[in-house]
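K.L.:
Sharing a structure, written as structure tokens. Questions coming.
The values are calculated or read from the model by the stated rules, or taken from the named source; none is laboratory data. Just so we're clear, the structure is a prediction, and the values are computed from it rather than from any experiment. Note that we place each Cβ from the backbone using ideal geometry, even for glycine, and neighbour counts take in every protein chain shown. Side chains included, ligands, DNA and RNA excluded: accessible areas come from the protein's heavy atoms. Shrake-Rupley method; radii C 1.70, N 1.55, O 1.52, S 1.80 Å.
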Amino acid sequence: MYIEHLSLKNFRNYKSEEFSFIPHTNILYGENAQGKTNALEAVYLFSIGKSFRTTQDRELIRFGEEMARAELVFSDNKRQQKIEIILRRDKKKQIKINGVVIHKLSELVGRLNVVLFCPEELGLVKEGPNVRRRFLDIALSQLRPNYYHLLGLYNKVLEQRNNLIKKIKFQNASSLADTMFVWNEKLATYGVQIAAYRAEFVKLLEGYAKKVHSEICSEELLIEYRTRVGTKEDFLEKLNNNLDKEIEQGYTLYGPHRDDIYLAVSGKDAKNFASQGQQRTIVLSLKLAQADLLFEENGEYPVLLLDDIMSELDAGRRAYLAGKILNKQAVITCTDVEQNLKTDTAKTIHIKGGAIL
Ligand code: ATP
Ligand code: MG
């Protein structure tokens, strides 16, 4: 799939701008703090309805303005679609797909698929399990929209169960413990499904990532989904038998919201032992594998958004990436256009002060 046109009004530092993209490499270049990442952020917004930099939608509205509007036209094998997003300071954002207002983000997720690679993503290897779960949740939601729906149900039950635990703990409402079984049942039902989706996804992803990784370097990559969820009965038993511990801690201690992905290179745990270069190679492999998997399962290669990563990669890895994205759509940002996959067919767009020069 490929994006054709992006229109921004009062979005971040853009007052009013129109971008046209080609189905191959598009390079947004310019000095620091001019609006390159802001433009990528706008494109990303259409994939899952959220920014990759903030959870506060109002930060996306240009300083001093009340409202921002972003519109994206994109095509896949089947059709052309138009999505419009309107952000207001004091209201929930409004999203229209082909002119029709949607009421749930689940109606958006899975339409425009993008794979983002930015320097912050290097934290995927070294940071806490929540970062890896987030990667998993976003990647899976794009591949399997049902998963996104399921995750929403799970998170709601988890929140309600945590509220109940806090009530018992802080308001001494121990009689409420009797109602816990209702939440346990729901948490276990959704929880085992979440874990099953993730385990299947990681298995598939590992196949593609191993291949990419071995094409970049000679080390072997291993990826494993680490869960303690088990069967529904196991999960229920843990919930039923450990309520005292949970009340003491003040939140739900068991479930897929505590799971992790284990990464290893040449048999060594990457979280503890991978060098900077090894981390970059792992993340590059995971991201390209995510894109390959989307292509194999959906028949559509996602749009690659590469934010300022060329300077992070050595010449060999850059060349590999260039080969990989040939004939696919990528939007790349950089400060120095020369070192950045510039080919005769690439489109270059010069950004300065929130405008195209
Ligand atoms: P770099 O090369 O350093 O990564 P960049 O071109 O990617 O730079 P962006 O992150 O896209 O830069 O834009 C940063 C600029 O946008 C900053 O100067 C920031 O002040 C401005 N900015 C961010 N949010 C808003 C907003 N809501 N309204 C107006 N300007 C904003
Ligand atoms: Mg930037």
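K.L.:
Please give the solvent-accessible surface of E338 in Å², to the nearest 10, using a probe radius of 1.4 Å with every protein chain present.
P.N.:
Ignoring ligands and nucleic acids, E338 comes out at about 130 Å².
K.L.:
Under 10 Å, Cα contacts only: if you run a Gaussian network model on the chain, which one of L122, L294, L205 comes out with the highest mean-square fluctuation?
P.N.:
L122
K.L.:
Taking the stretch 82-194 on its own, what percent of its Cα-Cα pair distances exceed 22 Å?
P.N.:
Tail of P(r) above 22 Å: 56 percent of Cα pairs.
K.L.:
What 222 nm value per residue comes from the helices of the chain, counting each DSSP H run with n ≥ 4 as -39,500 (n - 2.57) and dividing by all residues, nearest 500 deg cm²/dmol?
P.N.:
Mean residue ellipticity, 222 nm, calculated: -13500 deg cm²/dmol.
K.L.:
Excluding G250 itself, calculate the net charge of residues whose Cβ lies under 13 Å from the Cβ of G250, where each Lys or Arg counts +1 and each Asp or Glu counts -1.
P.N.:
Result for the local shell: +2.
K.L.:
Under 20 Å from a label point 7 Å along Cα→Cβ of S214: give me every residue in the stretch 267-292 with its amide N that close.
P.N.:
Under cut-off, by backbone N: 267-270, 278-279, 281-292.
K.L.:
Just the number please: accessible area per residue for the chain, 1.4 Å probe, all protein chains included, in Å².
P.N.:
Dividing the accessible area of the chain by its residue count gives 47 Å².
K.L.:
A further question follows. Mind checking which lysines have their Cα closer than 19 Å to the Cα of K15? Skip sequence neighbours fewer than 8 apart in that chain.
P.N.:
Straight-line reach from K15, under 19 Å: K36, K93, K352.
K.L.:
Using a basic spin-label model with each label point 7 Å from the Cα along Cα→Cβ, how many nm lie between I22 and E300?
P.N.:
The two pseudo-label positions are separated by 2.3 nm.
K.L.:
What translational D, rounded to a whole number of µm²/s, comes out for the stretch 1-76 from Stokes-Einstein when the hydrodynamic radius is the Kirkwood one over Cα pairs, at 20 °C and 1.002 mPa s?
P.N.:
Approximately 166 µm²/s, per Stokes-Einstein.
K.L.:
Looking at the P(r) of the stretch 123-299, how many percent of alpha-carbon pairs lie beyond 27 Å?
P.N.:
Cα-Cα pairs in the stretch 123-299 separated by more than 27 Å: 36 percent.
K.L.:
Taking every pair of Cα atoms in the chain, average 1/r, invert it to obtain the Kirkwood radius, and report Rg/Rh to two decimals.
P.N.:
Dividing the radius of gyration by the Kirkwood radius yields 1.00.
K.L.:
For H350 and K126 in one chain, what is 0.36 nm times their gap in residues minus the Cα-Cα distance, to one decimal in nm?
P.N.:
Extra length available between H350 and K126 comes to 77.2 nm.
K.L.:
Just to be sure I understand: with springs between alpha-carbon atoms less than 10 Å apart, which residue in D137, D244, D292 has the highest mean-square fluctuation in the Gaussian network model of the chain?
P.N.:
Of the options given, D244 has the highest mean-square fluctuation.
K.L.:
Oh, and also: Under 20 Å from a point placed 7 Å out from the Cα of R228 along the Cα-to-Cβ direction: which residues of the stretch 256-297 have their backbone N that close?
P.N.:
Under cut-off, by backbone N: 256-263, 271-272.
K.L.:
So which residue, out of G123, G255, G323, gets the largest mean-square fluctuation from a GNM of the chain using Cα contacts under 10 Å as springs?
P.N.:
Among G123, G255, G323, the largest mean-square fluctuation in the Gaussian network model of the chain belongs to G323.
K.L.:
Something else now. In the neighborhood of N113, defined by Cβ-to-Cβ distances under 14 Å, what is the net charge if each Lys or Arg adds +1 and each Asp or Glu adds -1?
P.N.:
Cβ neighbours under 14 Å give a net charge of 0.
K.L.:
Taking all protein chains in place and a 1.4 Å probe, what share, in percent, of the accessible surface of the chain do carbon and sulfur account for?
P.N.:
Carbon plus sulfur share of accessible area: 48 percent.
K.L.:
Once the other residues with Cβ under 10 Å from the Cβ of S266 are scored (Lys, Arg +1; Asp, Glu -1), what is the net sum?
P.N.:
Overall, the nearby charge balance is -1.
K.L.:
Which value in nm describes the separation of the simple spin-label points at A319 and L204, placed 7 Å from the Cα toward the beta carbon?
P.N.:
Once both label points are built, they end up 3.3 nm from each other.
K.L.:
Under 26 Å Cα to Cα from K245, which lysines show up? Leave out anything in the same chain fewer than 8 places away.
P.N.:
Those lysines meeting the cut-off are K156, K166, K167, K169, K186, K232.
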